[in-house]
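Reviewing the structure listed below.
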Ligand code: HAM
């Protein structure tokens, strides 16, 4: 047999032995966001390309190099979402959710697509946990969403290796002045910049801080910082955020050259970065404020903010920190072995009775021998095993084997008494 098809580069299959681990982390995320009053929103996997040009920005790497864009059969330009925020804000505006009251607090778990060079923690199809909080002007809102993301890292057991970097990239006024300043600086170093940064210099010099080229990064460290250009309002906002974070005992580092890779941000930007004792740093969460986006997309002038966490990256870190290996999937409660002929109907009925009471029950579906069924029950680590043959059906009783000790206990398999007797034995053994 030769494998004819392989998954596309940068994508990954989630196999049954692993998916329960992702589900556990998703559940942790859902539980955490619920504590803060966020509700789920689901938006399409693809949107009109124009939405991402308008929001993420035409000078970003995401738009320029990484989008999966195609013409559909109606000749419309469609893009698989490279991130969650744009679609969510489009949906909020289109459905006028704000008419039902503000603030709006939504969360999502969504696939995203970016044509990047695949490597550890970087995929072409990945997933994000995200939250968006709308109609929230005060930096107390930043403190709230940062605290939420931090709770997730704390509860998942990796907080000791996580650093929170924050910065303010100001409003349009501060940024116009800063852009003029850095334009002069980078112009002076134009010849040393990579080709892309030379283009960025004319279109959007702030993007030069995003460049992965070491030389450009080195040059960028010589600029003044945006913090030196903040207007009174933006400065006060940033100082108040720091005050709230300190009050919540949340440690942070001010990184005045962090600009983030998407164009919609205003004022606060932040990242949670995994910094292991050995090995490379990994940005797990990126977020910030985007006060103009809702209005830009035709909605009310609502200030907003949020974050996105890469699920595969988080899983990678949890794996590295030996946290995933501690997660155990709930195993089968009872495996019913069937022996001989004409017993299947009874077995199916017994399974149905227990499943209706939320027990995990399995039985033979492929005609295995008794020995093979026993072996399978062991393999799936079933807590109890019960053999049903014609004799058991005639007597109306069977033996329930508790696999941990080998003890066998007789019980009724009558429709009326089976669940009662099974659950009594079950809960006497399993606490
Ligand atoms: P982002 O920083 O582009 O922000 O992505 C958020 C997170 O998604 C990253 O920190 C990373 O963990 C993960 N991620 C990004 N690209 C990849 C990839 N190719 N493979 C695996 N994981 C990846 C946003 O997307 C914003 N929408 C976040 C936000 C929400 N800002 C405000 N609200």
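Taking region 299-316 only, how many residues are in a helix (DSSP H, G or I) and either in contact with a helix residue (DSSP H, G or I) (Cβ under 8 Å, 6 or more places away or on another chain) or surrounded by 22 or more Cβ atoms within 10 Å (Cβ to Cβ) (or both)?
Total meeting the criteria: 3.
For region 343-359, which residues satisfy the criterion of being without any contact (Cβ under 8 Å) to a residue 60 or more places away in the chain and either within 10 Å of residue 393 (Cβ to Cβ) or over 38 Å from the mean Cα position of the chain (by Cα) (or both)?
Result: 343, 344, 345, 347, 348.
Return the residue satisfying two criteria in turn: it lies in region 266-278 and is touching a residue at least 24 places away in the same chain (Cβ under 8 Å) and out of contact with any helix residue (DSSP H, G or I) (no Cβ under 7 Å at 6 or more places or on another chain), and of such residues it is farthest from residue 146 (Cα to Cα).
Per the criteria, the residue is 277.
Could you list, in sequence order, the residues of region 280-298 that are more than 7 Å from the ligand (Cβ to nearest atom) and either in contact (Cβ under 8 Å) with a residue 12 or more places away in the chain or buried (at least 17 other Cβ atoms within 10 Å of the Cβ) (or both)? Outline the logic, then answer.
Just the residues of region 280-298 that are more than 7 Å from the ligand (Cβ to nearest atom), to begin with: 280-282, 289, 291-298.
The answer is 282, 289, 291, 292, 293, 294, 296, 297, 298.
Quick one: count up the residues across region 227-251 that are surrounded by 17 or more Cβ atoms within 10 Å (Cβ to Cβ) and either at pLDDT below 95 or touching a helix residue (DSSP H, G or I) at 6+ places or on another chain (Cβ under 7 Å) (or both).
Number of matching residues: 6.
Conditions: (1) at pLDDT below 95; (2) surrounded by 12 or more Cβ atoms within 10 Å (Cβ to Cβ); (3) more than 12 Å from the ligand (Cβ to nearest atom). Residue 33 meets all but one. Number of the miss?
(1)
Listed residues 91, 96; which is more than 27 Å from residue 9 (Cβ to Cβ), exposed (fewer than 12 other Cβ atoms within 10 Å of the Cβ) and out of contact with any strand residue (DSSP E or B) (no Cβ under 7 Å at 6 or more places or on another chain)?
Within the list 91, 96, the selection yields 96.
Take the residues in region 101-115 that are part of a loop (DSSP other than H, G, I, E, B) and closer than 13 Å to residue 302 by Cβ; name whichever of them is modelled with the lowest pLDDT.
Step one: filter region 101-115 for residues part of a loop (DSSP other than H, G, I, E, B), giving 101-103, 114-115.
If we keep only those that are closer than 13 Å to residue 302 by Cβ too, we end up with 101-103.
Details: 101: 90, 102: 94, 103: 97.
Going through the qualifying residues, I end up with 101.
I'd like to check something: does region 153-160 contain any residue that is within 16 Å of the ligand (Cβ to nearest atom), within 21 Å of residue 239 (Cα to Cα) and modelled with pLDDT of 95 or more?
Checked region 153-160: no residue is within 16 Å of the ligand (Cβ to nearest atom), within 21 Å of residue 239 (Cα to Cα) and modelled with pLDDT of 95 or more.
The values are calculated or read from the model by the stated rules, or taken from the named source; none is laboratory data. Quantities reported herein were computed from a predicted structural model and do not represent experimental measurements. In this analysis, Cβ positions are derived from the backbone assuming ideal geometry, glycine residues included, and neighbour counts consider all displayed protein chains.
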